[in-house]
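Novice: Before anything else, here's the structure in question.
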Amino acid sequence: MYTGSKINIFAGFILLGILLAGCGDSSPEQAMNKAVAFARNNEWGKAAKIADRLAKQNPSLAEAHVLRAVTSERTGDRQTALDAARRAVEINPDNFVTLYTLARLYAADPARSSEANARLMKAWLKRKNDIRVKILLCNVAMESNSPKAQFYLNNLAQIPKFSNSAVLYNQYGVLHARRKNYRNARLYFQSARQKDKNNPDILLNSARFLDNCYVKKLLYPRIKKADVVRLYQRYLDSAGKDASGKVEAAARISKYKNM
């Protein structure tokens with residue numbers, strides 16, 4: 001029911017961490033630095049060409065395959081990204097970056113949440129204080145509706161960067177809505193909107209929540225039809241032209257106006 005307003009991870013720039021260790025041979029290292037420079041400038045197509053060539057020329061270099069995985073993902077070639085990430089783990093199965101990269105790609109597919117979680121736990125054992133792993137564990141748990149979701153949310157809430165953030169409140173709202181704690185869900189969605197008034201995911205989640213409460217008469221005082229319509233309209237006003245929820249939102253507004 002609720003859209004994935006995941007806590008953001010700046011995944012592409014994990015490449016920078018790879019390069020800090022160096023690759024040994026100066027030629028691959030120079031090529032990787034050049035690719036990363038393109039990536040940092042959002043020239044992912046150029047970065048991907050270098051990464052493809054580098055991985056083919058250095059088939060046993062895990063870093064090259066991680067680079068290819070990230071650049072392929074950013075250029076829309078998800079299958080190549082997955083193949084490259086899996087190859088990197090085959091070469092270096094105990095490396096934090098290889099494990100994390102594959103886990104992050106698996107995490108994008110709800111059907112592979114268990115595979116994502118397995119890699120994430122291995123990555124967590126390597127770096128137990130890494131915020132990226134904690135965020136991704138939380139996102140995967142939320143996506144799969146895992147009983148551990150609240151544990152991970154509470155863990156993130158202890159980190160100053162996230163403790164008072166709109167996206168964290170949104171996730172708590174989704175969690176409580178799924179558990180039918182409707183009053184708490186309403187309060188968290190309200191807090192999320194107060195923190196970030198134009199976040200499309202938060203607005204759509206809030207609209208869906210109020211919509212459900214209105215139809216099923218779940219809250220008192222009762223939700224007003226106008227409030228549901230207003231949130232769907234705010235979502236439409238803030239979402240991009242290709243946003244996946246626009247057809248749904250427009251249909252719900254039309255239905256309410258004709259009631």
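Novice: Mind giving me the nanometre distance, one decimal, between the label points for Asp109 and Ser238, set 7 Å out from Cα along Cα→Cβ?
Specialist: Using points 7 Å along Cα→Cβ, the separation is 3.2 nm.
Novice: Compare the Cα positions of Gln79, Thr101, Ile223 along the charge dipole of the chain (+1 at Cβ of Lys, Arg; -1 at Cβ of Asp, Glu; about the Cα centre) and return the one farthest towards the positive end.
Specialist: Checked the options; the winner is Ile223.
Novice: How large is the charge dipole for the chain, taken about the Cα centre, if only the Cβ atoms of Lys, Arg (+1) and Asp, Glu (-1) carry charge, to the nearest 20 debye?
Specialist: 1420 debye
Novice: Another question, then. Using a Förster distance of 45 angstrom, determine the FRET efficiency expected from the C-beta separation of Asp94 and Arg183, and round it to 0.05. Display every interim value, and only then the final one.
Specialist: On the way: r = 46 Å, r/R0 = 1.03.
That pair, Asp94 with Arg183, gives E of 0.45.
Novice: Right, next: Using 0.36 nm per residue of separation minus the Cα-Cα distance, give me the extension gain between Val247 and Lys225 in nm, one decimal.
Specialist: That works out to 6.0 nm of additional length.
Novice: Okay, next question. Rolling a 1.4 angstrom probe over the protein heavy atoms, how many square angstrom per residue are accessible across the chain? Each step should come with its number before you reach the end.
Specialist: Values: 13350 Å² over 259 residues.
That works out to 52 Å² for each residue.
Novice: Evaluate E = 1/(1 + (r/R0)^6) for Asn42 and Gln194, where r is the Cβ-Cβ distance and R0 equals 25 Å; express this FRET efficiency to the nearest 0.05.
Specialist: My answer for the efficiency is 0.20.
Novice: Also: Give, in nm to one decimal, the length gained when the segment between Lys217 and Lys34 is fully stretched (0.36 nm per residue of separation minus the Cα-Cα distance). Working shown, then result.
Specialist: On the way: separation 183, 0.36 × 183 = 65.88 nm, distance 5.82 nm.
Working it through step by step, the gained length comes to 60.1 nm.
Novice: For the chain, calculate the relative contact order in percent as a whole number, restricting contacts to Cα pairs under 8 Å that are 6 or more residues apart.
Specialist: Over the chain, the number comes to 12 percent.
Novice: While we're here: May I ask you to derive the relative contact order of region 59-110, considering only C-alpha pairs under 8 Å and at least 6 residues apart, and to give it as an integer percent?
Specialist: Reported as a whole number, the value is 36 percent.
Novice: Oh, and also: At 1.4 Å probe size, with the rest of the protein present, what percent of the exposed accessible area of the chain is carbon and sulfur atoms?
Specialist: 48 percent
Novice: Write down the Å³ per residue value for the convex hull defined by the alpha carbon atoms of the chain.
Specialist: 132 Å³
Novice: Could you sort 128-139, 157-168, 196-207 so that the peptide with the highest average Cβ count within 10 Å comes first and the rest follow in order? Spell out each step's value before the answer.
Specialist: Numbers: 128-139: 19.3, 157-168: 14.6, 196-207: 22.5.
The packing order, highest mean first, is 196-207, 128-139, 157-168.
Novice: I'd like to know which of Gln171, Val70, Asn258 lies farthest towards the positive end of the charge dipole of the chain, counting +1 on Cβ of Lys and Arg and -1 on Cβ of Asp and Glu.
Specialist: Asn258
The values are calculated or read from the model by the stated rules, or taken from the named source; none is laboratory data. Only a predicted model underlies this, so the values are computations on that prediction, with no experimental measurement involved. Note: ideal-geometry Cβ built from the backbone for every residue, glycine included; neighbour counts use all protein chains shown. To get the accessible areas, we keep the full protein, side chains included, count just its heavy atoms, and leave off ligands, DNA and RNA. Shrake-Rupley method; radii C 1.70, N 1.55, O 1.52, S 1.80 Å.
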